[in-house]
1. Can you find a residue in segment 217-227 that is at pLDDT 80 or above and part of a helix (DSSP H, G or I)?
2. Out of everything in segment 184-211 that is within 33 Å of the chain's Cα centre (by Cα) and at pLDDT 80 or above, what residue ends up being farthest from residue 145 (Cα to Cα)?
3. What do you reckon, is residue 17 modelled with pLDDT of 90 or more, in contact with a strand residue (DSSP E or B) (Cβ under 9 Å, 6 or more places away or on another chain) and either part of a helix (DSSP H, G or I) or not assigned by TED's automatic domain parsing to the domain that holds residue 438 (or both)?
4. Can you name every residue in segment 425-470 that is within 30 Å of the chain's Cα centre (by Cα) and either outside the structural domain of residue 396 (by TED's automatic domain parsing) or without any contact (Cβ under 8 Å) to a residue 12 or more places away in the chain (or both)?
5. Just the residues that are under 11 Å from residue 61 (Cα atoms) and buried (at least 16 other Cβ atoms within 10 Å of the Cβ), please, taken from segment 1-19.
6. Are any of the residues in segment 432-439 farther than 30 Å from residue 244 by Cβ, touching a helix residue (DSSP H, G or I) at 6+ places or on another chain (Cβ under 8 Å), modelled with pLDDT of 95 or more and in a helix (DSSP H, G or I)?
7. Kindly indicate which of 112, 87 is under 25 Å from the mean Cα position of the chain (by Cα), modelled with pLDDT of 75 or more and surrounded by fewer than 17 Cβ atoms within 10 Å (Cβ to Cβ).
8. Among the helices (runs of 4 or more DSSP H) contained in segment 493-584, which hold 1 or more residues that are assigned by TED's automatic domain parsing to the domain that holds residue 411 and at pLDDT 80 or above?
């Protein structure tokens, strides 16, 4: 059935639609209050003066019907995360913003978080870039103590003795105490901090007079952080509202969105996102960007948007606080966001032009040299590392368009019962691809195994077993343990030294996957070593840390005599415990 007939048969209900290309890949995901009306706009020339690449690529469509717009929003988010379509806005999952939260519980606590907490009593942020948010948290913990410990200890905790805990550890705290402290914190984040600074200056002077110079330096750093967070901007802004400002720039088939976050009249944070622009619906792209921003960020009092964006096209949850510019101050906000978008996009274009074509050239060359039949857009590289045949760790790193996608890197624990390279590689790949096939997650265009024919055969056996058709090649090293050879799809060994760009690229892959795997077994190795000492009754983490800082290895600790150990521990009883334990 052709596309026009499919569109004509669509329902008028809300839902999500997926556009697919000739390779049956999902290239765009959208949502709609009315599926038929929305999808029709893509194929109606009255709406599409410019025939975009997106429309030219569409060969099929799928759709999901839902009950309401809220459900379609949630489904759209999940579908974008699953398929990562090239025409959607794809923000990094790990893009976060620094906040300080106060928990909503009987005895509230402070928390440093990387996105706002919906269930929290208070969220302060996003905090300014460069403000050292953890230092600010430390300051307010000391000045306005809430609960600091786990509570119900039946006795005062250490923080209570330092005047940094409410005392919930051993007593019932009056709610009015917390109300007062939180009001003070509210004032603090509104910029009313002169009294706070005066207190800190006195503490710094006292520490300096007592020759406690490290303590004085720490307090000075806290004062610097406070100065940063409350410094007024060059733009004279008179408002107590929280304002977010969105603008964009389009140039050379790229689009850049910039969001400026103003808190109480101060510019505290900037977010930017750049992607290819090939005639997609601008309102829809902006909507998608905003939805992803506000999954991790507090709604402002006002969201300022450019006049050319149709307010009515915004999602309902954004519409209630969105606005055009209505005065000179708003114009300043909008123009500043626009200038930021222009600058960011220009820098990106210049940067890309420096290496223009490198990624395409490298991947084209990789396809040719490897004799594979599919362009290697998504590459997964596998390696295994161990120490003395223990702590065996498998590693997978992912590259898309020749660039690392760090949030998709994975480590795999491999049992010591798998004694051969073949068995270990087979175990790791089966574990990975069985799960990805079952959950219908994206598969690579190319698998690269760090190793030779043995590892390639292990990979092929797993893929045959799972009925997956994925190209597999190998990378091997020369006698000097340097990347040198590629084993192609036909298991022919090719010297890649003369393919300079490809050689450098594959060398970097091999180094990165090797380091990533080794970081896994080192962590397991050190954890086990730490456990040997921590299992000794009476030895805590601080003693353990002191010993490892000085002696470096468990063997050195075991071989140390009483005087050497006691010099570090400064506790004869614990020193004797350690020595007697290792003699068993």
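1. First, pick out the residues of segment 217-227 that are at pLDDT 80 or above: none.
Scanning segment 217-227, I find no residue that is at pLDDT 80 or above and part of a helix (DSSP H, G or I), so the answer is no.
2. 186
3. Details: modelled with pLDDT of 90 or more: yes; in contact with a strand residue (DSSP E or B) (Cβ under 9 Å, 6 or more places away or on another chain): yes; either part of a helix (DSSP H, G or I) or not assigned by TED's automatic domain parsing to the domain that holds residue 438 (or both): yes.
Here the answer is yes, as residue 17 does meet what is asked.
4. Across segment 425-470, the qualifying residues are 435, 436, 438, 439.
5. Scanning segment 1-19 gives 3, 7, 10, 16, 17, 18, 19.
6. Here is the first cut: in segment 432-439, the residues farther than 30 Å from residue 244 by Cβ are 432-439.
Filter again for touching a helix residue (DSSP H, G or I) at 6+ places or on another chain (Cβ under 8 Å), leaving 433.
So of that shortlist, the ones also modelled with pLDDT of 95 or more come out as 433.
Then drop every residue that is not in a helix (DSSP H, G or I), which leaves 433.
Yes; the residues of segment 432-439 include at least one that is farther than 30 Å from residue 244 by Cβ, touching a helix residue (DSSP H, G or I) at 6+ places or on another chain (Cβ under 8 Å), modelled with pLDDT of 95 or more and in a helix (DSSP H, G or I).
7. Working: 87 fails: surrounded by fewer than 17 Cβ atoms within 10 Å (Cβ to Cβ).
Selected residue: 112, the only one of 112, 87 that is under 25 Å from the mean Cα position of the chain (by Cα), modelled with pLDDT of 75 or more and surrounded by fewer than 17 Cβ atoms within 10 Å (Cβ to Cβ).
8. Values: elements: 500-534, 541-551, 554-559, 562-569, 572-583.
Once the helices (runs of 4 or more DSSP H) in segment 493-584 are filtered for at least 1 residues that are assigned by TED's automatic domain parsing to the domain that holds residue 411 and at pLDDT 80 or above, what remains is 500-534.
The values are calculated or read from the model by the stated rules, or taken from the named source; none is laboratory data. Nothing here was measured: the structure is a model prediction, and the numbers come from that model. All Cβ positions, glycine included, derive from the backbone under ideal geometry; neighbour counts span all protein chains shown.
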